[in-house]
Amino acid sequence: MQLHNNAYYLSALGIVNALGNGVDEISHKLFSGDTSGLVLEHGWQADGEARVGRVQSSLPEIPAAFSQYACHNNRLLLGALGQIEALVASAIAQYGAQRIGVVLGTSTSGIAESEQAVKAQQLAGVMPEHYHYLQQELGMPAQFLAKYLALKGPAYAVSTACTSSAKAFQSARNLLKHGLCDAVLVGGVDSLCKTTINGFASLESTTQEISNPMSQHRKGINIGEGAALFLMTKERLADASDIVLLGVGESSDAYHISAPQPEGLGAEAAIRAALQDAGKSVEEIAYVNLHATGTLKNDEMESRAVARVFINGVPCSGTKPMTGHTLGAAGATELAFCWMAIQRNQLPPHVWDGEADSALPHINLISAGHTFGPSKPRICMSNSFAFGGSNVSLIIGEQVNSII
């Protein structure tokens, strides 16, 4: 079965982050608003602790044959892949290795291993034998996954900071739309490293408290790590999900290298473009996963953009207090939360102190226990906004009367 227009199946999902490992464990914690994966740790910064969203579950080792790709980032990726590997193998058998692509978003790749190698060099005068420059190349995760699975289709990474893995879905859709692939492994992966934690701290954007998006007391973000990997296909596979990617909207307002356009004009443009691409009205969107970093400027501009577009309101939440901001993996991770919401008929709660900022327009921030309304199709939007004015909105939904 094949879908109309630009809609493609998100056939399977593998996911690992601070909430846990796998759809079942993560869903349970996500819908209850569990923030226990956000922990205070020493060693990331010279002056005190940093609160981070660390993956605590065990992860696969990198096989010896791929030792030059050995890094924590790729272990996260293999952890996500292992959850969907049977369906991936079925797709390879059906379409052939040359017809399956890989598009991944990342902003860190294996920078943590480079940090450790440089420190070792400072002490010993030489780089460690196990270190290879490939470990930190931004395109490396996609190359590694393609080699690991012996895939022959296009394989590349997208790196646009916090929109990286959201933009990967547009790239993956294009590979399917233009007949270059029949299936694409698409998503994102990022791992904790000192470079990003100290970089965001230098911008005064982090907090040792759990992030508190949209609150008058919000103080910044917590950095997290994780991987989310979808198998996107033209056709519905046997024993696969029937949730589909309906629309993608992008804008680049280039307002500032690190600050968003204050009124959210670029964000609004991306949201409206996604609605147009999906052929949906604002009334048809049943839930919005906000970027909601908990910084002063993001929450200000995003609330303004959402309030202008959804003038009659829409259930919203920001999920980063449960995972940390997974940066290059955030777009795919939060789209995955929408995918889980559709599957489970539950909406992720907005975790905060409930103290609204009176300077922000009112938006409908939901608590735990909310579900989709009985009269609406389950259609969700996920927003991702990044440095440099890079903005992406994705829309997914259950398949309803769309089959030819």
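The values are calculated or read from the model by the stated rules, or taken from the named source; none is laboratory data. Remember, it's a predicted structure, so these values are computed and weren't measured experimentally. Cβ: placed from backbone, ideal geometry, glycine included. Neighbour counts: every protein chain shown.
Select from the range 212-260 the residues that are within 15 Å of Thr293 (Cβ to Cβ) and outside the structural domain of Lys177 (by TED's automatic domain parsing) and write down the one among them that is surrounded by the most Cβ atoms within 10 Å (Cβ to Cβ).
That would be Pro260.
Inspect the range 324-334 for any residue being acidic (Asp, Glu) and surrounded by 24 or more Cβ atoms within 10 Å (Cβ to Cβ) and give the result as yes or no.
So far as the range 324-334 goes, yes, one or more of its residues are acidic (Asp, Glu) and surrounded by 24 or more Cβ atoms within 10 Å (Cβ to Cβ).
Among the helices (runs of 4 or more DSSP H) lying completely within the range 3-98, list those that include at least 1 residues that are within 30 Å of Gln208 (Cα to Cα) and not assigned by TED's automatic domain parsing to the domain that holds His325.
23-32, 72-82
Could you please find all residues in the range 18-67 being closer than 19 Å to Glu113 by Cα, touching an Asp or Glu at 6+ places or on another chain (Cβ under 8 Å) and not aliphatic (A, V, I, L, M)?
Once the filter is applied, which keeps residues that are closer than 19 Å to Glu113 by Cα, touching an Asp or Glu at 6+ places or on another chain (Cβ under 8 Å) and not aliphatic (A, V, I, L, M), the range 18-67 yields Glu41, His42, Gly53, Arg54.
Being closer than 25 Å to Leu76 by Cβ, assigned to a helix (DSSP H, G or I) and in contact (Cβ under 8 Å) with a residue 12 or more places away in the chain, is that true of even one residue in the range 199-218?
Checked against the condition, which is being closer than 25 Å to Leu76 by Cβ, assigned to a helix (DSSP H, G or I) and in contact (Cβ under 8 Å) with a residue 12 or more places away in the chain, the range 199-218 yields at least one hit.
The conditions are (1) under 22 Å from Asp277 (Cα atoms); (2) outside any strand (DSSP E or B), and Ser384 fails exactly one of them. Which is it?
(2)
Please count how many residues of the range 260-296 are more than 13 Å from Val314 (Cα to Cα), in contact with a strand residue (DSSP E or B) (Cβ under 6 Å, 6 or more places away or on another chain) and among the aliphatic types (A, V, I, L, M).
Total meeting the criteria: 7.
Give just the number: which of (1) part of a loop (DSSP other than H, G, I, E, B); (2) buried (at least 24 other Cβ atoms within 10 Å of the Cβ); (3) aromatic (Phe, Trp, Tyr) does Phe372 not satisfy?
(2)
Within the range 307-336, can you find the residues that are under 26 Å from Val244 (Cβ atoms), touching a helix residue (DSSP H, G or I) at 6+ places or on another chain (Cβ under 6 Å) and outside any loop (DSSP other than H, G, I, E, B)?
Val309, Gly328, Ala329, Ala330, Gly331, Ala332
Output the number of residues of the range 268-281 satisfying the condition of being exposed (fewer than 15 other Cβ atoms within 10 Å of the Cβ) and assigned to a helix (DSSP H, G or I).
Selection size over the range 268-281: 1.
Report, by residue number, each residue of the range 227-258 that is of a type in the set (Val, Ile, Thr) and in a strand (DSSP E or B).
Selection gives Thr233, Ile243, Val244, Val248.
Kindly evaluate Gln68 against the criterion of being more than 27 Å from Arg344 (Cβ to Cβ) and in contact with a His (Cβ under 7 Å, 6 or more places away or on another chain).
The answer is yes for Gln68.
Can you name the condition, by its number, that Gly14 falls short on among (1) crowded, with 20+ Cβ neighbours inside 10 Å; (2) at pLDDT below 95?
With respect to (1) crowded, with 20+ Cβ neighbours inside 10 Å; (2) at pLDDT below 95, Gly14 is out only on (2).
Kindly check whether there is at least one residue in the range 322-334 that is within 15 Å of Ile26 (Cβ to Cβ), out of contact with any strand residue (DSSP E or B) (no Cβ under 7 Å at 6 or more places or on another chain) and touching a residue at least 60 places away in the same chain (Cβ under 8 Å).
So far as the range 322-334 goes, yes, one or more of its residues are within 15 Å of Ile26 (Cβ to Cβ), out of contact with any strand residue (DSSP E or B) (no Cβ under 7 Å at 6 or more places or on another chain) and touching a residue at least 60 places away in the same chain (Cβ under 8 Å).
Quick grid of which residues meet (1) buried (at least 21 other Cβ atoms within 10 Å of the Cβ); (2) of a type in the set (Ser, Thr, Tyr); (3) touching a residue at least 12 places away in the same chain (Cβ under 8 Å); (4) in a loop (DSSP other than H, G, I, E, B):
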| residue | (1), (2), (3), (4) |
| --- | --- |
| Leu138 | no, no, yes, yes |
| Ala142 | yes, no, yes, no |
| Cys162 | yes, no, yes, no |
| Lys167 | yes, no, yes, no |
| Leu176 | yes, no, yes, no |
| Cys181 | yes, no, yes, yes |
| Val189 | yes, no, yes, no |
